Structure formats: structure tokens, C-alpha cells
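I have placed the structure first, in the form of C-alpha cells, so that the comments after it can refer back to it.
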Amino acid sequence: MSRRFTVTSLPPAAPAAAAADPESRRHSVADPRRLPREDVKGDGNPKESSPFINSTDTEKGKEYDGKNMALFEEEMDTSPMVSSLLSGLANYTNLPQGSREHEEAENNEGGKKKPVQAPRMGTFMGVYLPCLQNIFGVILFLRLTWVVGIAGIMESFCMVFICCSCFFSAAGGSYYMISRSLGPEFGGAVGLCFYLGTTFAGAMYILGTIEILLAYLFPAMAIFKAEDASGEAAAMLNNMRVYGTCVLTCMATVVFVGVKYVNKFALVFLGCVILSILAIYAGVIKSAFDPPNFPICLLGNRTLSRHGFDVCAKLAWEGNETVTTQLWGLFCSSRFLNATCDEYFTRNNVTEIQGIPGAASGLIKENLWSSYLTKGVIVERRGMPSVGLTDGTPVDMDHPYVFSDMTSYFTLLVGIYFPSVTGIMAGSNRSGDLRDAQKSIPTGTILAIATTSAVYISSVVLFGACIEGVVLRDKFGEAVNGNLVVGTLAWPSPWVIVIGSFFSTCGAGLQSLTGAPRLLQAISRDGIVPFLQVFGHGKANGEPTWALLLTACICEIGILIASLDEVAPILSMFFLMCYMFVNLACAVQTLLRTPNWRPRFRYYHWTLSFLGMSLCLALMFICSWYYALVAMLIAGLIYKYIEYRGAEKEWGDGIRGLSLSAARYALLRLEEGPPHTKNWRPQLLVLVRVDQDQNVVHPQLLSLTSQLKAGKGLTIVGSVLEGTFLDNHPQAQRAEESIRRLMEAEKVKGFCQVVISSNLRDGVSHLIQSGGLGGLQHNTVLVGWPRNWRQKEDHQTWRNFIELVRETTAGHLALLVTKNVSMFPGNPERFSEGSIDVWWIVHDGGMLMLLPFLLRHHKVWRKCKMRIFTVAQMDDNSIQMKKDLTTFLYHLRITAEVEVVEMHESDISAYTYEKTLVMEQRSQILKQMHLTKNEREREIQSITDESRGSIRRKNPANTRLRLNVPEETAGDGEEKPEEEVQLIHDQNAPSCPSSSPSPGEEPEGEGETDPEKVHLTWTKDKSAAEKNKGPSPVSSEGIKDFFSMKPYGNQSNVRRMHTAVRLNEVIVNKSRDAKLVLLNMPGPPRNRNGDENYMEFLEVLTEQLDRVMLVRGGGREVITIYS
């Protein structure tokens, strides 16, 4: 588990208590490697000239006792020089491996209406019977016999079992359940798919109604007539389009007038369904001892259609004369015996068999296996003798054979059959009318599923046992005088089935046109799909008028397809998708153990839901893989639309719980260990400052974050407000909202955290320590350079910054400091050319290599080339360093120009001494800002006395030093290019610094010798030009006096200032025109007495550069040559 400690400042009495508690002290002791050298060494003699803390090799210490790298000398133990690193990396032997509300209330209009209490129904009338009516329908009466004849009893049994198992596992709610369990995106997408499935189901039922009407009830009503047998299919489709449109209009009108009329006729339609099923079972029982008489005529083994002839024979006897029959005339050129006849007709005999042999005939063995057909082939009886044609002459389509109208295969039959099991949602959709929905829905639905499954499975076996195979494969009953095939088995008359199925399909169509608009209205009123909101309105009584109109238009599309066999797979896709997500919703809620998931139905296990989900997904692709892809594409588009444009809904869905569980699992996995070097990337904690209006002061920091992260990894944007939590909580919320808006505008994907603390120092410390969660924590801190740090009256800004640097070092975090952040490019900007210059001075784990590589992935920096500079000292082999660095970059697969800059030993310039003197005097004076007036004057006197001691030998006059530092304007952070120091003898000097003259002013009395007043002004330019110019107006003794003047402190400040000045000169010379300069950031001094000088070192190091990023590694390797 994750163990984290947050360090806070202790009250004055706390140190004693902490000392008394060894356990607390154990957690607060710093790493000995991070302690000052005096504490580690313990001899009281700090070796500031050596970069090695514990080194006893004086020779090695003297080797690095140079002035050029003094700024980084305290880190040489943990961050070696590049020169020493590259020599070891030449062969890569040392390279490390690296709720708001639960539900929204009803609209105000609905709340004002007078509620109408509808009669409450029980399980039988409210769930069981409606499910039966919707499940038993067009497929049972029109297609099940054909499915059994084509697939055989065995495969049909498997098909029915799979489909029944699929919808048996989906006994639950539809849109409401999915949307509240899987979220509005899934709910809206699947809900609309369910709506489309219900709408196309209405089209399928209407097409079934028209097929029964034109094929079995009133064939003469056909408007389009076929001239020959080959045109009958096209004429039938056109008739179905015309009559289907008329029936759809009538049904939509009935639904529009009032759904109460549909409910009144529902029992009548349900009675027809039950009566028809009972008639089928009665016919099966009767066929066992008294089969019905439905003879079938066969020519050879080919089934003949009964249209066009009456006697199943070639010749007939009339008296003593042999005459030809009507069948002869259909196959021969004339009615005479010497006529030319079809070759197959001549070679084969005509036989007549019973189409319904009965349950006791043993026919079940013949119908056990499948007989798949291709389009246009003749339905043949297996086991019958037949003399085939020798020359392969094609069959004449005008002959009275029974032809297959489509190519059949198992997956097609699954798609056609599945709509017969799509009525299980009828009870769930009526939950508002039930007396006890929680009890009635599962009980009634499961009973209905059990009943219908038993009926379907038994029907498969009984149809195969009672009906001849060629009759089963005859889809439209042409071989049995155009009767409905299942009607031939019924008792007492086939008309029972024909009339019952007609009213059954009519009722199912009305139910679909009633339920689909209400489903669309529910989705529209939820407001998750903006462009559908208009369909949420309706009549004054709540009837969905506009939704009904859209439903009728979509249903017309199915009518225009005009083929029941083509429409069935379409609605199968949508229903299967709905059932799949119902199972997924149940499984997710169960696995997550959601507190609000408390179903009363206990006989359930989540594995059943996953099994049902898998079955649904498999059936989608079994039925039709291209329809499945189209359905998924439609659902995906709706999902993305709702995600980006839909209204925000907080329904406590299971997806949030799933995300939480996945996040928890991932966080626990991250706790197993730190990431490998190959997977390391900067996980940023961006520290920003907000103004009084809670707006981010420097939005360019977030632009840089976006360019650096490119949407990957962790980003935490943090800010600190001063005050107490109780008083400033509203301001913190506004600040968070402002930061989030800016993050969204800058396309920064991450988190926002605003901390309220009594002071900024503690608040930043808490952010650094407690940001992130578990293994998902930041490893890099990005912060801006403190502007105008010299002008702060309380001088706390630069102190906070230095403590921030120390804390990131102690926490092994990388630190990125951007200077002149206002000049950094925004995301819309593009650099067409330029370079990113990396100054690699000490090895920091590879951060300097990795950052430009990441930046150049962004469009802003993509066209900038990368240049790497490293510094060679007098003892280094610069040629070998360049070769090693080039090889190193090649193995890192980083393209960059390499240059080694040589920095030889040089004398410390007067400018360096002057900058050091100014720095030290400023530091000492700032320390005394809180002293009394007398104490302040005495302290300043002691400072000036020590500084004056270096020139007292040449000027014995009683001089006094006064320091004048030019103040920067408070409005911007730009520094004046020159700083002036004046040595003025003035007995009445004020006790605190005053403003200095402008850089353009020339000092008075230059070149004059005044025993009471020495006034020397030095700038960097003057210092550089001193070597080349002739005799100065100032006397040579005065210059020697100035050079002999030493800062009152130790020589480390002089050497560090010398390093900063020399490095700055080299960097400015090489990288003045670079778009970005990255260089190592030296650490603050371990002796806190030098904190005041640290900021001055960094200022000198980075002056005259536009965009600078100071980089400080976190103490681990972040880049590797291994893939």
C-alpha cells in the first residue's frame, strides 16, 4: 500500500517534542547525502574547492579546482560533469537501465397536470400475456415450417435453443436500465438502436399481414399481375409496397387517434394467437391417427406446384380413350399424344404422396438433417427415383415446379428466425401499469419465455415429425394448393391459422407502432440527444405525435424493402445489440457491487449475463456480419455524438464505477515499483499563480505544458491561495473553474488542485508532497521564474523559490523553471525555423535530452532543429568528447547537432568582482531590514568597513561605502542591462539603499582624484573593453586598488560568479538567436547563509536570453538506448 508523509512547519514548541519522540524523528531525518558537507564530513573544514563531498584524494579535488564550474561544484557527487560521464559512456558500460441529483424531476408542465390513476395490472395480465402476444407472431406462422424444412430438425433445434437462451438471459429493462446502468452515452445509443429495431419490427409485422392477405386470404386483390412465372416475385413485392403503405397509414391513424383503442383490441388479438397455437397442437394429435388429406404431386423427385392442373397424372382415361391431362399441356407443345414434351417430363413418372403423413408415420427420420438450397433450384424429395438430364439443359422457369426463392444457409435462417423471440421487453415496457413491477416483471417475463421456448422447441420437433419435407421447404404452400403450410396441420380447419395469424400480425404491428414512439419520446425528454428534443413533445394528453410521425416514416423504409426475409435480419441486429447491453449492464452492476444495485430477483449469477452477452454478440455476426457492422457503426456514431454534443447527465451509471475499479486496479499495479526508464515521461505538477479575480497570471505555462505532454501522462495544475479554508473556499472554487477553462482551451488533459494555506510557502510544500494518488504521482515540477524578485518588500518571493528548489531535490523530483515565460509561444503559433539549444553541463539523468525530443513532437516546435552544447575544460579532450557525444546520441536515436565549447582558465574580471561585491552587500543589507535603526546603522557600518579594507592600503582616508542598486520598474520583469556600484565617501549616507542613476548617466568627476571621494563605475562592457583600451582617465593606482578589493566573504562566491559570467558569455554568443535554451540549473547552496546570492547567480547565468528553461534532474535516469 502507498505510504506518504506530508511535512509541515512546526510551532515553536514542536522541536522539543520532536526530539523526545524518536519515531517521529526517524521520518524527519534527511538523507545524509543531502546534508551540508560540514555535517557529512564532520571535520569542520569544508572543502569548497572540491566537487567530491567525501573525497580524500586531494589530487582529484585539485583536478576540478577550476573557477569555470564552481557554480555546480556542490553537485558533482550526484551530477557528474559531462566530460567524465561521456568517457564512461563511450562503450555504454555505465548506462543505467533504466450527484448532483440521482434523477431529474419531471418537467414542470407534467407536474401541473392532474394525475390520472390507471388501473393496476398483475403478473398474468400485465406481463405474461403481452409477452406471449409479442413473441408469438409472424415468424411462427409464416416461416418456422420453412426453417425446419431447410435446416432440419437438429439444426433448427440448435437454432431455437440458442435464440431462446439469448433472450432468456436478457430478462430486464431496455433503454431505462441501460442508460442508468451504463451511462447516457450507452443508454442513448442502444436506446435509439432499440427504437429502430422496434420500428422495423412494425414494418415486418405489416409485411407479414400483407403476405397473408394476398397469398392466402384474397389473392385476387393483387394490383400487379405477373405475365409469366418469372415475374411473380417482382409483382408480389410491388403489391406489398402498395398495400403495406396503406396498412401503415391506417395503423398510424389508429395509434394517433388513441392508444386506448389498441389496448381494447389487444385481448382479441391475443385470443387469436392462443387459439391458433391450440389448433396446431390439436392438428398434431389428430394426425397421429387420422392424417389430413393434402396430396402432393411429384415429377420424378421434383415437387410440382398445384397451380394450373387438377389431376396429378400425365394421361387420363375417359371411357375407353386415353387423353392427356392439364399437366401434359404444361410440359408439352400440344395436348396430343405425339406432341414434343420436356425431356425430364418424358423420362420420369408422376407420383402423388401425402403432404401430412402424421406424427405416427416415422417421417421424423427423413427430416432430421438439413437441405439447404440455392436460389432458383427446384425443391426435390430425397429418396425418390429420378432420371436426370444428360446434357445439363437449364430448367424452364415456366414449368410448374416449386422453386427456391432465395439462397439459404444457417446464418441466414438465424437472422430470419430471431425476430420471433424479440417480444420479451413487452412486460418491462409496461412497468408503470403494474401493481408490483419488481415482482411481476421477472416472474411474468421468465414464465413467458419458458412457455414460448417450450412451444417453439416442440413445434420444431412436431413439424418435422408430421409434415413432408418438400412441403416444409415450400415457403408459400404452392404444392398444397396455395395453403398456409402450418394451416394444413391445424384442426379443425386451415382457416383457423390463416385468420388467427392475420389478426396476430395486425396486433403485433399496432403494438410496435404504439411502443416505438413512446421509446423515442422517453429518449428525447431525457435531453441527451439535442436534435431529438422536438420529438419529446406531443398532444395535451402526452401522446407522442411527432415521434409517431418519425416512426411511421422509418417504418415506411422497411415497407419499401417489401421482403419479410430482408427486413428480419435488420431488426435482429438492433434487438441483439439491445439484449447484449442489457446483459452487460446486469453483469457490470453485479461485479462492481454497486450499493444501489439491489435486485429482488435472487436467482441470478453474473456469469449468465456474460454468457448471454457473448451469445448476442456471436449471433449478430452469425446472422449477418455486414448488418452487424452497420448497426455497430450507427450505435458508435450516436455514442460519440452524445459524448461531445449531448446534455450532461449524472445518473450514477455503472461506467463510472467501472472506471473507478479500473483506476484502483491500475494504481495498485503502479505501487509495485517505479516505472522503467523506457516508460519514463514527465508527469507534471504545474504551479501557477492566480490574480485577485482568480484568473491565471501566466497562461503560457499551460501552453508549454500542452506542447510538452501532447495529452499523454499525468498533469496536475496546482495553485495556492492565502487565507483560511472556511473563508476562502468560494475563491478556491472559482480559481479551479478558471484553471479548468484554461486547461480546456489549451487542450491540457489533467487535473486541477487549488490549496488554501496560511502562507504560500506551506501551500506549495503541501502541493509538492501530496499531489497525485498512490503510484500516479508527479515526478516533475514546472514553475515560472519569480519576476521582480528584487523589488519585493518582504523578500519572501525568492525565499519561497529557493525552498521549492530544495524540496524538489529532497523529493527526487525533476524541476523545470521557465524564465521570460511571457515570451513562450502559444499553441496556435508555429516556428518555421530556428533551433532548440541544449547546454549539457552536468549529467542530470538525461532530462535535457528528453525535453527537446518531446517538444519537437508538437506543431509549434516541429521545424526547430536540436543543438547540443557541452563544455570542455582545459584538461578535457574536446575532440573525443564530441565523438563520444555523437555516438551517444546515435544510440539514443536522437538527431541533433553537437558542439563542444572549450572554456579555458582565465583571470577573474573586474566585472565579476564588482557583481560579487554588489551581491554580497545587497544580501547583507537586506538581512537588516527588520532591525532597529541603530542596529541597522551599526551593521551597515561593519559591512562597509570590511569591504573598504581591501583598498585601505592605497587610500588611507576615512572612506565610507554606499551601495546604490538600480531599481526595476514594478510593472515588468525586465532587468536593466547594466548595474552600477559606487564607492562614495559620504558622511551623511542613509542607512538603506537609495535609487541609483539611470544607466545612461555618466558619473561625475571621472578621472579626478579626490582624497575624500572615490567614484568608480564598472559595467560588463567596460570590463570586457578594459583589455583593449589605452590609459584610462582613472589612475592606474585606482584601478589596482579596485582589483585588489576583495569581497568580505570567502572566495566561493567569486568563483561561482565567475562561472556564471563566463557561461553566460558563451551561451549568449552561441544561442542568442535560439528559439529556446535549456541548461542545467545549479542547486541552491547547502549553507542557507548563501541563499541571497543564489538568485543573483541564476540571473547572471541567464541574462540577455529570450526563452530559457532551467532544468534540474530528479536523480534517476530518464532516457535509455534500449527500445
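Please give the peptides 697-705, 730-738, 459-467 ranked by average Cβ packing (other Cβ atoms within 10 Å per residue), highest first, as a rough proxy for protection. Could you put the intermediate results ahead of the total?
Values: 697-705: 21.9, 730-738: 16.2, 459-467: 23.8.
Ranking, from highest mean packing down: 459-467, 697-705, 730-738.
Figure the gain on full extension for Glu566 and Ser661 (residue separation times 0.36 nm, minus the Cα-Cα span) and round it to one decimal in nm.
Values: separation 95, 0.36 × 95 = 34.20 nm, distance 4.30 nm.
Answer, rounded to one decimal: 29.9 nm.
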Quiz item: So if R0 is 22 Å, what FRET efficiency would Cys553 and Leu237 give, r being the distance between their Cβ atoms, rounded to the nearest 0.05?
Solution: 0.60
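Keeping the other protein chains in place, figure out the carbon and sulfur percent of the accessible area of the stretch 233-379, with a 1.4 Å probe. Mind dumping the intermediate values first?
Working: 4820 of 7630 Å².
Answer for the stretch 233-379: carbon and sulfur cover 63 percent of the accessible area.
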Quiz item: Using a Förster distance of 41 Å, how high is the FRET efficiency between Asp405 and Thr545, based on the Cβ-Cβ distance and rounded to 0.05?
Solution: 0.55
Quiz item: Between Leu721 and residues 5 or more places away or on another chain, which pairs have amide H atoms under 5 Å apart, with H built 1.01 Å from N, and which residues are they?
Solution: Val755, Ile756, Ser757
Exercise. Return a whole-number percent for the relative contact order of the stretch 744-878, with Cα pairs under 8 Å and 6 or more residues apart as the contact set.
Key: 20
Self-check item: Theoretical gain in end-to-end length, Ala339 to Phe289 [0.36 nm per residue, Cα-Cα removed]
Solution: 13.6 nm
Self-check item: Whole-Å distance, taken between Cα centres, linking the stretch 828-856 and the stretch 750-823
Solution: 22
Exercise. Compare the peptides 504-516, 560-572 by average per-residue count of other Cβ atoms within 10 angstrom and give them in order, highest first.
Key: 504-516, 560-572
Self-check item: Cα centroid of the stretch 238-305 to Cα centroid of the stretch 684-734, whole Å
Solution: 70
Quiz item: Where in the stretch 330-349 is the amide nitrogen less than 13 Å from a point lying 7 Å along the Cα-to-Cβ axis of Glu321?
Solution: 336-337
Quiz item: Is there a pair in Lys749/Lys1075; Lys859/Lys1070; Lys819/Lys865 whose C-alpha atoms are over 23 Å apart, and which pairs would that be?
Solution: Lys749/Lys1075; Lys859/Lys1070
Self-check item: Share of carbon and sulfur in the accessible heavy-atom surface of the stretch 420-569 [1.4 Å probe, %]
Solution: 65
Quiz item: Taking the Cα-to-Cβ direction at Arg741 and at Tyr890 and moving 7 Å from each Cα, how far apart do the two end points lie in nm?
Solution: 5.4
Self-check item: Inter-probe distance in nm under a simple model that places probes 7 Å from Cα toward Cβ, at Glu671 and Phe224
Solution: 7.0
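Full extension from Leu633 to Ser758: what is 0.36 nm times the residue separation minus their Cα-Cα distance, to one decimal in nm? Display every interim value, and only then the final one.
Values: separation 125, 0.36 × 125 = 45.00 nm, distance 5.46 nm.
Between Leu633 and Ser758, full extension yields an extra 39.5 nm.
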Practice problem: At 7 Å along the Cα-to-beta-carbon direction for both Ser614 and Ser458, put a label point, then send me their distance in nm to one decimal. | Solution: 3.2
Quiz item: Between Val1068 and Leu591, what is the FRET efficiency for a Förster distance of 51 Å, r being their Cβ-Cβ separation, to the nearest 0.05?
Solution: 0.25
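The values are calculated or read from the model by the stated rules, or taken from the named source; none is laboratory data. These numbers come from a predicted model, not from an experiment. Every residue, glycine as well, gets a Cβ built from its backbone with ideal geometry; the counts of neighbours run over all protein chains shown. All accessible areas refer to the heavy atoms of the entire protein, side chains included, with ligands and DNA or RNA removed. Shrake-Rupley method; radii C 1.70, N 1.55, O 1.52, S 1.80 Å.
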